[in-house]
Amino acid sequence: MENPNSGGIGPFLRNRFARVVVIAVLYLVTRSFCLSRDLVSEEDLFLMPGQFLVEGAGYYFNWGVLFPRADPFHKPPLTSLLLGLGSILTPDGVTGARLAPFLVGLFVCTLPLLVTSSMVPSLLLLASPLLYSASGYLQTDPVVGLLGYALISWALARAHETFDARSQLLLIAGLIVLWMGKLELAALASAALVVYVPLQPSRIRRSALLAFVTGTIAGLGLFVLVSWRLGLGSGFNFMQSVGYTVNTVYRVTSSTIGLHAADGNAAAGAREWLWRSAKAFRVPELFLLLVVPAVAVIAVKRYLRARGRPHVYLLLLAILPVVIYMEAGYPGDGFPRYFLEAFPPLAVLLGLCLQECSSKWRLWISIPVLGLGAVTLLPMTWASMQCPGSVTVTYGETGAHRAADLAHALTKPGDLVLGPTNSLYYIRDRAWLASNSFEAYPTLHPKALALLPQVRAAIVPHTGRSAILDTVATSLRERGAITAVIGSFDVLAVPPE
């Protein structure tokens, strides 16, 4: 008689390795196009220092003729280092660099399945437009933020009867990644761990404390040492490297808090803007789909609230950055990347809670959760997959690379070209007047305008551009510049004399 379990999709999907393969294949099929997208605003600022370093030029970023060797230490160096290592893998640099967030995203999507054997959280993450867009975004949160929080979540999920050596290594690695990648996230994760460690039973507390202290000291030490050495090799002293990083965090945080304390309307407006940005990428829907069933299971099964269980601490690890960023109301760059860190612990938490349910209740929970996920998340994700332009900052923007190619074709080596650095990046043998190096700084406008007679071509937004860029466009047209519309940009080039 034929064995009913000898074939078919059911037995195949009951194998954890097979489920991981399915999730990985779905991830690769749906996300691969993100590797070839054009650079968007600020991505170049993280890519260039690491790329220049691996090319032997030093650790800095080129912000055009006004700041040709700009200080890159606005964040700790790990993100740029990872992007730089990736950039050498492909001829254009950008595709290779995007492998860093791409592979981190793959790890995050498979993590709940690896830890808990449940496909439900992984499928929800795959369906999310936020996680889709982050999979190719060259920024801190989609790289070091997600990776650090995922490693810490894995460590906490393993720690039940004991905090074994593997859990310690995972926690140490997660803390090192965060301290070397983004100080604010390291502080938030540490705050959650300060609550977690003392409340653990004695069989867990000592080893968890040892890992926490080791990871914190190693992470801070490596941040200081690596930043200092990178700075020295590129002509930046200790205060311009380590000091500038710390000062940037303090300056942005204190100015935001100070502004909001002085003006309640500004605070409310910033939070409303951040909320709208989160809603646009279906962040609240994903949050509720992961949290509601998990909290319901924890409420029913009281033993999951015990001190030695990881469930409540994973929830704390996820909620803390959401609450802090919403309270601070820092609007950022238009993409709600600040909420990404909540989802590795939430996905692992849902998987752990589903483990505690009978097969019947797992089915009753999973079907409506996945159904709601398909209805609320997939349409936006599908629209992003169809979008040829940016799916993060300035959603839908197109043409940065093609505009650069045209400006390159209409100029000669050494000519001065004006434009945003995410477009100028593709023109390596021309001099740059980076519009984002002066556009938001009125005190620098006279310097930029004084260089206009030398500008042979300009790349400016087709619509909604600032007054200073309107002045640039008008000046070039008065010199007889020809104009072409490339996607979201106007390319203006002055004919040879």
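Here, each number is a calculation from the coordinates, and none is a lab measurement. Please read all numbers here as calculations on a predicted model, not as lab measurements. FYI the Cβ positions are ideal-geometry reconstructions off the backbone, even for glycines, and counts take in every protein chain you see.
What is the diffusion coefficient of segment 284-377 in µm²/s, taking the Kirkwood radius over Cα pairs and the Stokes-Einstein relation at 37 °C with a viscosity of 0.692 mPa s? Walk me through the numbers before you get to the answer.
On the way: Rh = 14.3 Å.
Using the Kirkwood radius from Cα pairs, D works out to 230 µm²/s.
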Beyond 12 Å, the calculated P(r) of segment 96-137 holds a percent of Cα-Cα pairs equal to 55
Using alpha-carbon pairs under 8 Å, 6+ residues apart, how would you state the relative contact order of the chain in percent?
-> 17
Residues of segment 446-463 with amide N under 16 Å of the 7 Å Cα→Cβ point at residue 470 | 460-463
Tilt, helix 16-31 to longest principal axis of the chain (alpha-carbon atoms), in degrees rounded to tens, equals 20
Which value, to two decimals, describes the C-alpha radius of gyration of segment 41-127 once divided by 2.2 N^0.38 Å?
-> 1.36
For labels at residue 117 and residue 74 in the simple 7 Å Cα→Cβ model, what's the distance in nm?
-> 4.7
Tally Lys and Arg at +1 and Asp and Glu at -1 over the other residues with C-beta under 13 Å from the C-beta of residue 338: what net charge comes out?
-> -2
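Divide the volume of the convex hull of the Cα atoms of segment 175-227 by its number of residues and quote the answer in cubic angstrom per residue.
On the way: hull volume 2.8 nm³, N = 53.
Considering the Cα atoms of segment 175-227, their hull volume per residue is 53 Å³.
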Can you pull the one-decimal nm distance between simple spin-label points at residue 367 and residue 273, each 7 Å off the Cα toward Cβ?
-> 4.6
Find, to one decimal place in angstroms, the Kirkwood hydrodynamic radius of segment 402-463, where the mean of 1/r is taken over every pair of different Cα atoms and then inverted.
-> 11.7
Ranking of 122, 234 by count of other Cβ atoms within 10 Å, fewest first | 234, 122
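Roughly how large, in nm² to one decimal, is the mean projection of the convex hull of the alpha-carbon atoms in segment 325-439? Walk me through the numbers on the way to the answer.
Values: hull surface 44.1 nm².
Mean projected area for segment 325-439: 11.0 nm², to one decimal.
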Any idea which of 331, 25, 64 is furthest toward the positive side of the dipole for the chain, if Lys and Arg beta-carbons carry +1 and Asp and Glu beta-carbons -1?
-> 25
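Kindly state, to the nearest 0.05, the FRET efficiency for residue 327 paired with residue 497, given R0 = 45 Å and r defined as their beta-carbon distance.
Numbers: r = 57 Å, r/R0 = 1.27.
Here the calculated transfer efficiency is 0.20.
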0 to 90° range, to nearest 10: angle between helix 311-328 axis and the chain longest Cα axis | 30
How high is the FRET efficiency between residue 232 and residue 440 when r is their beta carbon distance and R₀ equals 35 Å, given to the nearest 0.05?
-> 0.70
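Counting each DSSP H run of 4 or more residues in the chain as -39500 (n - 2.57), what helix-only mean residue ellipticity at 222 nm follows after dividing by all residues, to the nearest 500 deg cm²/dmol?
Numbers: 23 runs with 299 residues, N = 497.
About -19000 deg cm²/dmol.
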Considering the options 256, 420, 168, tell which one lies farthest towards the positive end of the dipole of the chain, charges being +1 on Lys and Arg and -1 on Asp and Glu at the Cβ, about the Cα centre.
-> 168
Nearest 10, in degrees from 0 to 90: the angle of helix 146-158 to the longest Cα principal axis of the chain is 10
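Restricting everything to alpha-carbon atoms, can you work out Rg to Rh for segment 157-273 with a Kirkwood hydrodynamic radius? Working shown, then result.
Details: Rg = 18.2 Å, Rh = 16.4 Å.
Expressed as Rg/Rh, it is 1.11.
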Cα centroids of segment 466-494 and segment 266-295: how far apart, whole angstrom?
-> 39
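Can you tell me the dipole magnitude for the chain around its Cα centre, using point charges on the Cβ only (Lys, Arg +1; Asp, Glu -1), in Debye to the nearest 20? Numbers along the way, then the final one.
On the way: 37 positive and 28 negative charges, 331 e Å.
That gives the chain a dipole magnitude of about 1600 debye.
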Which aspartates and glutamates, on any chain, are close to residue 301 with Cα under 12 Å apart, when same-chain ones fewer than 8 places away are left out?
-> 356
Alpha carbon centre of segment 185-223 versus segment 323-393: separation in Å?
-> 27
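Arrange 179, 63 by Cβ neighbour counts within 10 Å, fewest through most, would you? Each step should come with its number before you reach the end.
Working: 179 28, 63 22.
In increasing order of surrounding Cβ atoms, one gets 63, 179.
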Two-decimal ratio, segment 222-262, of alpha-carbon radius of gyration to 2.2 N^0.38 Å = 1.47
Distance in nm between label sites at residue 15 and residue 107, each 7 Å beyond Cα in the beta-carbon direction?
-> 2.6
Cα-based equivalent ellipsoid, the chain: semi-axes from gyration tensor eigenvalues, Å | 43, 26, 21
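Place the peptides 408-414, 308-314 in order of packing, highest mean first, counting for every residue the other Cβ atoms within 10 Å and averaging per peptide.
Values: 408-414: 14.1, 308-314: 21.1.
Packing proxy ranking, top to bottom: 308-314, 408-414.
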Compute the convex hull volume of the Cα atoms of segment 80-204, divide it by the residue count, and report the result per residue in Å³ as a whole number.
-> 112
Amide H neighbours of residue 391 under 5 Å, counting only residues 5+ apart in sequence or on other chains, H built in-plane at 1.01 Å?
-> 396
